[in-house]
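K.L.:
I'd like to ask you about the structure that follows.
The values are calculated or read from the model by the stated rules, or taken from the named source; none is laboratory data. Here the structure is a predicted model, which means the values were calculated and not measured. Don't worry about glycine lacking a Cβ; one is built from the backbone with ideal geometry, like all the others, and counts go over all protein chains shown.
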Amino acid sequence: MGFFRYTAIDSSGKQMDGTISAADSAEAVRSLSGRGFRNVRVQSPDAAPQQTQLIRTGKASDSQLFYFFSQAASLTKAGINPHEAFHSIASRTSNRYLQRASEEISSASIEGGTISGVMAKYVDLFPHNAVGMVRAGEFGGFLPQALDQLAQHFSESASFKRWFWFLKLLSWQGLIAVALSLPLPSAFWAGLRIGTSTGFLIAYSKFLLFPTLPIMGVLFVIYLLVRLRIARTEETIRRHKFVLKLPWGLGARAKAESLTTFLWTLRNLSRSGIAPGTAWMLASGSVPNAAMAMQLAEAGKVRGGERPLSENFNEANLFPPDIVSLMQVGEHAGDVVGTLDQMVEGSFNEFLIEKARSRVGLASIGCLAVLISAGIMALVLAQGYYGRVFQEAEDFVNSP
């Protein structure tokens, strides 16, 4: 027996989707047809994904994705089929790429296509974890909850990134202040020789226009090129590996969030009766950090059939020994779902702690950036003045 994902049209003409247990796909079709369903399509959860034509688009902000998935969650909870739900969302979203994807999801659902299948084609629009979470929700029969979980994730992400704007603001203010201070010493001595305040301003403008501004312009262009490079979809895994190594609680927050999401998805899939190995692989796709998602997926690859979840937990090398022991006890007691409930609660509490630490860490980095820029300004001014004061005094004394 295995589990098969299905889409079908019921007697009232409403599209239905979910999972069914059957010996093979033919039996699944017969069973669903016997219930009065038509246009039945079934697919094994662990079937190899079909090759799809990728669609390159612009990106959507976390706030836009929050509203997108919030609407999708509300509509699916109300029992509205995907065709009508995403057609409605397309008319309400301001992002033209989300509009296009919503319309394609709406059209594909009529033909028995999956939401995650369409989302997977828009690699620049939907992050990997959004596709994985929706796919898990489709196979496990908890799609509304999965969409709601994504809405919460993007809301949290948008809120957290506002702290980065604070850090960026302090950093850019510091860099601009340093750039404006660089010409001051040279302009001061040039203005002193001229002997007028306008002479100082003229000299300052001259030194600011060249070479300070060209140098800062070149550095800014290099910054933009590097940023565009590392922001590419192809660099996601490398970027996420770097995030996990960040200090000040930033890396720990990313890890805690990813483990919480993984355990939440694994718990819901297990509750739906999905086989442990299949549930593990589907849950790994919902993890926000791509590097951790890949590590979890590698731990779940088993040759020769299924194995207990506790062995996957141990193989992943991401969980403390106490978590592995807890899962072993849960398996022995026959209460895997209850054990995963406890794990989700504990992991979420850990995430809340690391989230608070990371915010304090960002504030500390901002203060450090201000101190560093102030120190550089002080060094520039001190070196520019004391490095030339004796030479200037000697030149003044020897002047006719």
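K.L.:
Give the number of residues within the range 271-303 that are more than 17 Å from T236 (Cβ to Cβ) and surrounded by fewer than 21 Cβ atoms within 10 Å (Cβ to Cβ).
P.N.:
The total comes to 10.
K.L.:
Assuming V344 fulfils every condition listed in (1) surrounded by fewer than 17 Cβ atoms within 10 Å (Cβ to Cβ); (2) assigned to a helix (DSSP H, G or I) apart from one, which condition is it?
P.N.:
(1)
K.L.:
Quick one: in the range 349-386, of everything that is more than 27 Å from L246 (Cα to Cα) and touching a helix residue (DSSP H, G or I) at 6+ places or on another chain (Cβ under 8 Å), which residue is surrounded by the fewest Cβ atoms within 10 Å (Cβ to Cβ)?
P.N.:
We begin by selecting, within the range 349-386, every residue more than 27 Å from L246 (Cα to Cα); these are 377-386.
Going one step further and asking which of them are touching a helix residue (DSSP H, G or I) at 6+ places or on another chain (Cβ under 8 Å), we end up with 377, 380-381, 383-385.
Details: M377: 17, V380: 16, L381: 15, Q383: 11, G384: 19, Y385: 14.
Applying the filter and picking the extreme gives Q383.
K.L.:
If I filter the range 55-79 down to residues being of a type in the set (A, V, I, L, M, F, W, C) and more than 20 Å from the chain's Cα centre (by Cα), which single residue comes out as surrounded by the fewest Cβ atoms within 10 Å (Cβ to Cβ)?
P.N.:
So the residue we want is A78.
K.L.:
Please give the number of the condition A120 fails out of (1) within 19 Å of V287 (Cβ to Cβ); (2) modelled with pLDDT of 95 or more.
P.N.:
(2)
K.L.:
Let me ask something additional. Cβ-Cβ under 8 Å, sequence separation 6+ or interchain: first residue in the range 376-394 and of a type in the set (S, T, N, Q), partner part of a helix (DSSP H, G or I) and at pLDDT 85 or above. Which pairs?
P.N.:
Q383/P185
K.L.:
Out of L184, L170, L192, which single residue is at pLDDT 85 or above and not β-branched (V, I, T)?
P.N.:
Of the residues listed, the single one that is at pLDDT 85 or above and not β-branched (V, I, T) is L184.
K.L.:
Considering only the range 317-337, state which residues are assigned to a helix (DSSP H, G or I), crowded, with 17+ Cβ neighbours inside 10 Å and not β-branched (V, I, T).
P.N.:
In the first step, residues of the range 317-337 are kept if they are assigned to a helix (DSSP H, G or I); the result is 321-333, 336-337.
Next cut, crowded, with 17+ Cβ neighbours inside 10 Å only: 323-324, 326-328, 330, 336.
Scanning the range 317-337 gives L326, M327, Q328, G330.
K.L.:
Condition test on L228, is it at pLDDT below 90 and in a helix (DSSP H, G or I)?
P.N.:
yes
K.L.:
Name the single residue that is farthest from M292 (Cα to Cα) among those in the range 231-249 being among the hydrophobic types (A, V, I, L, M, F, W, C), modelled with pLDDT of 90 or more and within 13 Å of the chain's Cα centre (by Cα).
P.N.:
Looking at residues that are among the hydrophobic types (A, V, I, L, M, F, W, C), modelled with pLDDT of 90 or more and within 13 Å of the chain's Cα centre (by Cα), I get V243.
K.L.:
Can you name the condition, by its number, that P321 falls short on among (1) in contact with a Gly (Cβ under 6 Å, 6 or more places away or on another chain); (2) without any contact (Cβ under 8 Å) to a residue 12 or more places away in the chain?
P.N.:
(1)
K.L.:
Cβ contacts < 7 Å: first residue assigned to a helix (DSSP H, G or I), restricted to the range 199-224; second residue of a type in the set (V, I, T), any location; separation 6+ or different chain. Result?
P.N.:
Close Cβ pairs (under 7 Å, with a partner that is of a type in the set (V, I, T)) do not exist here.
K.L.:
Might you check whether a residue that is in a helix (DSSP H, G or I), touching a Pro at 6+ places or on another chain (Cβ under 7 Å) and among the small types (G, A, S) occurs anywhere in the range 251-261? Even if it seems obvious, please write down each step before you answer.
P.N.:
Keep residues of the range 251-261 that are in a helix (DSSP H, G or I), which gives 251-261.
Right, trim to touching a Pro at 6+ places or on another chain (Cβ under 7 Å) and you get 257-258, 261.
Still in the running and among the small types (G, A, S): 258.
Looking through the range 251-261, at least one residue is in a helix (DSSP H, G or I), touching a Pro at 6+ places or on another chain (Cβ under 7 Å) and among the small types (G, A, S).
K.L.:
Taking the stated definitions as given, is K245 closer than 21 Å to F160 by Cα, surrounded by fewer than 11 Cβ atoms within 10 Å (Cβ to Cβ) and in contact with a helix residue (DSSP H, G or I) (Cβ under 6 Å, 6 or more places away or on another chain)? Break it down stepwise before answering.
P.N.:
Working: closer than 21 Å to F160 by Cα: yes; surrounded by fewer than 11 Cβ atoms within 10 Å (Cβ to Cβ): yes; in contact with a helix residue (DSSP H, G or I) (Cβ under 6 Å, 6 or more places away or on another chain): yes.
Yes; evaluated as a whole, the condition is true for this residue.
K.L.:
Further, regarding this structure: Look at G113 and say whether it is at positive phi, more than 22 Å from the chain's Cα centre (by Cα) and modelled with pLDDT under 95.
P.N.:
Details: at positive phi: no; more than 22 Å from the chain's Cα centre (by Cα): yes; modelled with pLDDT under 95: yes.
In short, no.
K.L.:
Can you find, within the range 74-108, the residue that is nearest to V134 (Cα to Cα) among those that are part of a helix (DSSP H, G or I) and hydroxyl-bearing (S, T, Y)?
P.N.:
Among residues in the range 74-108 that are part of a helix (DSSP H, G or I) and hydroxyl-bearing (S, T, Y), the one nearest to V134 (Cα to Cα) is T76.
K.L.:
Have a look at G217, G191 and point out the one that is more than 38 Å from the chain's Cα centre (by Cα) and more than 30 Å from L54 (Cβ to Cβ).
P.N.:
On the way: G217 fails: more than 38 Å from the chain's Cα centre (by Cα).
Only one candidate passes the filter, namely G191.
K.L.:
So, one more: Assess whether F37 counts as being touching an Asp or Glu at 6+ places or on another chain (Cβ under 8 Å), at pLDDT 90 or above and closer than 25 Å to S272 by Cβ.
P.N.:
Values: touching an Asp or Glu at 6+ places or on another chain (Cβ under 8 Å): yes; at pLDDT 90 or above: no; closer than 25 Å to S272 by Cβ: yes.
Considered against the rule, which asks whether it is touching an Asp or Glu at 6+ places or on another chain (Cβ under 8 Å), at pLDDT 90 or above and closer than 25 Å to S272 by Cβ, F37 comes out as no.
K.L.:
Taking the range 173-198 as the region of interest, how many residues are closer than 21 Å to L219 by Cα and not in a loop (DSSP other than H, G, I, E, B)?
P.N.:
10
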